[in-house]
Amino acid sequence: MADFEVPSIKEDIIVPHINPGVMEQSGPFVAKPDHQEALGFPGELVDNWQEAAVAKMGDMLKKYRSLKVFMDSCVKCGACTDKCHYFIGTADPKNMPVGRQDLFRKVYRRYFTLAGKFFPKLVGASDFTEEVLDDWYNYFHQCSECRRCSVYCPYGIDTAEITMAAREIMASIGKGMKYSNEIIGKVYKIGNNLGLPEPALADTLEGLEEEVEDDTGVAVKYPLDQKGAEILLVTPSADFFAEPHVDGLIGYGKVFHEAGVSWTLSSKASEAANFGLFIGSYENMRRISLRIREAAIDLGVKRLIFGECGHAWRVAYSFLNTLAGPFDFLDQRYPIPQHILEFTLGELEKGSLNIDKSLNDDMTLTFHDSCNVARASRIGSAPGSQFETPRAVIKAVCNNFVDMRADTIKEGTFCCGGGGGLLTDDLMEVRVKGALPRMTALKDVVENEGVTHMAAICAICKSQFSKVLPYYGFGMDQIVSVHQLVSNALILKGSEQESEQAEAEA
Amino acid sequence: MSILTGFFAVLYSLAGIVLFGGLAYRTWVFFKTPAPLKIPTTPAPTTRSGVAFRLVREVTIFESLFKSNKWLWLFGWMFHFGLFLVLLRHLRYVTEPVWGWVVLIQPFGKYASILMVVGLVGLLARRFLVDRVKYISAPSDILMLLLLIGIGLSGMLMTFVSTPDIVQLKRFLLGVMFFSWEEFPASIILVVHMLLVAVLMLIFPFSKLLHSTGVFFSPTRNQVDNPREKRHIVGWALKLESGDKR
Ligand code: HEM
Ligand code: SF4
Ligand code: SF4
């Protein structure tokens, strides 16, 4: 199945001995000139790239406190060295968080610190050579910006920030990454990552309406561009057709239907994902975010809700107000933006949803905390609600739920292996190897607790697992959407299932 | 006045200026560099006082390090706590009259040096024994630990074996601080100890020792988790907002 060795799952998550250079050839395709130019970057590597890169670095050090403080503060204590799933899966020391940072730091020290200018060998500083640039390109694309390292560093040094800065510098000298940049281009041109134009979208949604009506006898609507709706739902475009994502979208629609609120999708903002985050570009992240503001204004909605997606929720929760706010034209009584799980949990607590948990009895669930949700957001009002809300919803709609090992969930969750702009076939080896810790924890509950399925609330996690689970001997359909579980257990008012339920009770 | 006195007086004047001036400048740069986005590592406090408490935990009990690695935490904490007590103990050389609480902690400060050196040796051992830590260690990382061990050992020699003329040392140090030089109480161990300390003071603001102030400016630790409730925007980001936003 693969042209590389798939790691075997051991009893435990094992920290390997270092194996320098094993992954040094592994990098993604470089962006073509038109992918680059659409985003405002030079088409190909500029002639004076070294000078330009150092200048850009200087500029970013003045704009980002994170970068400046992180460059200066690392004591090389090694606390982070065994925390990255890519290091655990590959053993390449440049995949240790500090090893990755040092690729940046050695250039920083050389050009921006006295010690590095005068005693480069002593402090491990180096000129920005072509080999260093190659290392940058390959290893800064073996980081999913998952922030696990930042939890364990005594100074909270977040390698994701450094990866983003490095990618921004590389894009600005003409060496961007094809996957992310091409996708951002599609968002600008068509409105979503998949390049799904408005008619195709309308068609898909109509298909969903028919499907749900066939199943239940209830005409649940999946509206598009409906002016005056109360809620604008922004969801990752994978929800429109990929499995298991689409089952989640079906679930959102049913919940809105039962709650009796009016809602709509937008063809202009038909994408929650914001790959501007991945490439570390404030400007692109902002431009992508502004579409959502404009759609909300155009459609005259009162509330903004986001579908299941990890990094999109980080951008929405943490950055949207900064990038595209203030949202004073929306109803201030609700969180802006709100997560679909906050909405659904609210309805569950109100009792407006008729749930039959036994409809999910064919499954025993576990939950994969997505990195960006876990370590960069809340889903609710209290710190830690990002862990509790999804579990509360799952437990409200399923009888069988078990958590994975404590050090692999919640704030210590391991990335799926495909986040941060790595969800591309040209990085398959990194993706598969990076999934090892999660697969190890999953196997444990599958064998010892009878778990059959893993639920997630992130489009990237879902796509990554569908692809990677089979490499480790699981089935690709063992990954499910949380709203798919809600959808399974939700008995719509006036549906065939409701009458069956009434008959059974009578 | 001896040459040695002149040398140390000049050295310590310089080292004091470099240490305090340099540290103040580098910290000022941290302070004035904007943090354009909210990036606290969550779960994070939702109030300012919560953040203050988080930072206090980080600098007193090394909370994140504790989550990460118990050995490293143990050695690191031993070293820092030992260093902290030792520094407090040293206050008696530069204050007149000596504050009451400084007098009280003297006996603890004495044994803290042991804690400190044992911690440092543990940290140094890690740099050779753990392959991952060995890989990330530059020569400067090892030299720094050796320097601190040297300071600790020479200090312990004076505390436990051959005490120099402390009364005269204090006169000398106060003299450097207030620009009326006094004779330096020459002794080999004291010379070594004071030279090493001066080196530490001189390299402090140019080295990774900036983590001592950096930790307070780390956005993943010092930001309040309230992006939905309160709009966060910095100057350069605001400038992008000319005209293209409805
Ligand atoms: C949040 C507070 C702090 C934490 C968590 C912390 C943690 C650490 C760690 C993990 C090391 C690395 C040891 C090694 O493996 O080599 C270190 C080194 C050191 N720290 Fe701190 N530190 C803190 C604050 C301070 C402060 C306030 C000072 C003030 C003087 C300081 C002075 C030093 C020195 C002198 C070293 C030894 C240098 C070295 O190992 O290269 N630290 N610290
Ligand atoms: S952010 Fe995640 S992927 Fe990147 S270095 Fe840290 S742990 Fe590894
Ligand atoms: S844990 Fe933090 S300070 Fe320690 S080596 Fe890693 S990045 Fe550097």
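The values are calculated or read from the model by the stated rules, or taken from the named source; none is laboratory data. Source: prediction; values computed, not measured. In this analysis, Cβ positions are derived from the backbone assuming ideal geometry, glycine residues included, and neighbour counts consider all displayed protein chains. Side chains are part of the model used for accessible areas, which takes the heavy atoms of the whole protein and leaves out ligands, DNA and RNA. Shrake-Rupley method; radii C 1.70, N 1.55, O 1.52, S 1.80 Å.
Values for this structure:
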quantity: Over 19 Å between alpha carbons, listed pairs A:K63/B:K32; A:K83/B:K67; A:K62/B:K38; A:K357/A:K443; A:K68/A:K117; A:K76/B:K67; calculated: A:K357/A:K443
quantity: Added length on full extension, which subtracts the Cα-Cα distance from 0.36 nm per residue, B:E241 to B:F20; calculated: 75.6 nm
quantity: Förster radius 60 Å - calculated FRET efficiency between A:E500 and B:F84 (Cβ-Cβ, nearest 0.05); calculated: 0.30
quantity: Modelled FRET efficiency - R0 30 Å, A:K227 with A:E37, Cβ distances, 0.05 increments; calculated: 0.30
quantity: With 5 Å bins from 0: P(r) over segment B:3-241, alpha-carbon pairs, percent; calculated: 1, 6, 10, 14, 16, 16, 13, 10, 7, 5, 3, 1, 0, 0
quantity: Solvent exposure of segment B:3-241 as accessible area per residue, Å², 1.4 Å probe; calculated: 48 Å²
quantity: Cysteines in chain A lacking a second Cys C-beta under 4.7 Å; calculated: A:C74, A:C77, A:C84, A:C143, A:C153, A:C309, A:C398
quantity: Over segment A:1-148 - Rg/Rh using Cα atoms and the Kirkwood inverse-distance radius; calculated: 0.99
quantity: Overall dimensions of chain A as given by Cα atoms, namely Rg and Dmax in Å; calculated: 23.1, 86
quantity: Zone residues, segment A:40-57, relative to A:K189, backbone N less than 20 Å from point 7 Å out along Cα-to-Cβ; calculated: A:40-44
quantity: For segment A:156-189 and segment A:235-262, distance of Cα centres in Å; calculated: 30 Å
quantity: Share of carbon and sulfur in the accessible heavy-atom surface of the protein assembly as shown [1.4 Å probe, %]; calculated: 60 percent
quantity: Neighbouring partner chain Cβ atoms per residue of A:250-262, average, 10 Å criterion; calculated: 0
quantity: Relative contact order of chain B, defined on C-alpha pairs under 8 angstrom at six or more residues apart (%); calculated: 36 percent
quantity: Distance from segment A:364-432 to segment B:183-229 (C-alpha centre basis), Å; calculated: 38 Å
quantity: Straight-distance crosslink candidates among aspartates and glutamates, where the alpha carbon sits under 18 Å from B:K170 and sequence neighbours closer than 8 are dropped; calculated: B:E96, B:E182, B:E183
quantity: Backbone N within segment B:138-154 under 12 Å of label point (7 Å from B:Y111 Cα along the Cβ vector); calculated: none
quantity: Accessible area buried between chains B and A, both sides summed, probe 1.4 Å, in Å² to nearest 100; calculated: 6000 Å²
quantity: Within segment B:170-214, backbone nitrogen closer than 14 Å to the virtual label 7 Å beyond the Cα of B:L157 toward Cβ; calculated: B:187-197
quantity: Estimated [θ] at 222 nm from DSSP helical runs (n ≥ 4, -39500 (n - 2.57)) normalised by residues in chain A, nearest 500; calculated: -14000 deg cm²/dmol
quantity: Ranked packing of A:199-206, A:93-100, most packed first, by mean Cβ within 10 Å; calculated: A:93-100, A:199-206
quantity: Segment A:E294-A:Q332, extension gain: residue separation times 0.36 nm, minus the distance between their alpha carbons; calculated: 11.9 nm
quantity: Segment A:175-223: trypsin sites (Lys or Arg not before Pro) in DSSP loop, at most 10 other beta carbons within 10 Å; calculated: none
quantity: Built amide H within the under 5 Å cut-off of A:W263, gap 5+; calculated: A:E230, A:I231
quantity: Residue mean of other protein chain beta carbons inside 10 Å, B:219-227; calculated: 6
quantity: Of B:K134/B:K208; A:K268/A:K395; A:K254/A:K302, those spanning more than 25 Å from alpha-carbon to alpha-carbon; calculated: A:K268/A:K395
quantity: Distance between modelled label sites at A:M476 and B:E229, nm, 7 Å Cα→Cβ extension; calculated: 4.5 nm
quantity: Nonlocal amide H pairs with A:V480, under 5 Å, H built at 1.01 Å; calculated: A:M454, A:A455, A:A456
quantity: Segment A:185-489: relative contact order as a whole-number percent, Cα under 8 Å and 6+ apart; calculated: 19 percent
quantity: Sequence-distant lysines (8 or more away, or on other chains) whose Cα lies within less than 18 Å of A:K32; calculated: A:K175, A:K178, A:K186, A:K189
quantity: Per residue, in Å², the accessible surface of segment A:185-489 once ligands and nucleic acids are set aside, probe 1.4 Å; calculated: 29 Å²
quantity: Phi to ³J(HN,Hα) by Karplus 6.51 cos²θ - 1.76 cosθ + 1.60 over segment A:349-364, Hz, x for Gly, Pro; calculated: 5, 5, x, 7, 10, 8, 10, 10, 4, 5, 5, 9, 5, 6, 10, 10
quantity: Reachable aspartates and glutamates, given that their alpha-carbon falls under 12 Å from the alpha-carbon of A:K10 and they are not under 8 places away in the same chain; calculated: A:D444
quantity: Residues with amide H under 5 Å from that of A:V234, placed H, sequence gap 5 or more; calculated: A:I305, A:F306, A:G307
quantity: For B:140-147, mean number of other protein chain Cβ atoms within 10 Å; calculated: 2
quantity: At least 27 Å along the helix axis (C-alpha) and Kyte average at least 0.5, DSSP helices within chain B; calculated: B:3-32, B:70-90, B:100-129, B:139-160
quantity: Label-to-label distance, nm, for residues given as B:F7 and A:A259 (7 Å Cα→Cβ offset); calculated: 7.7 nm
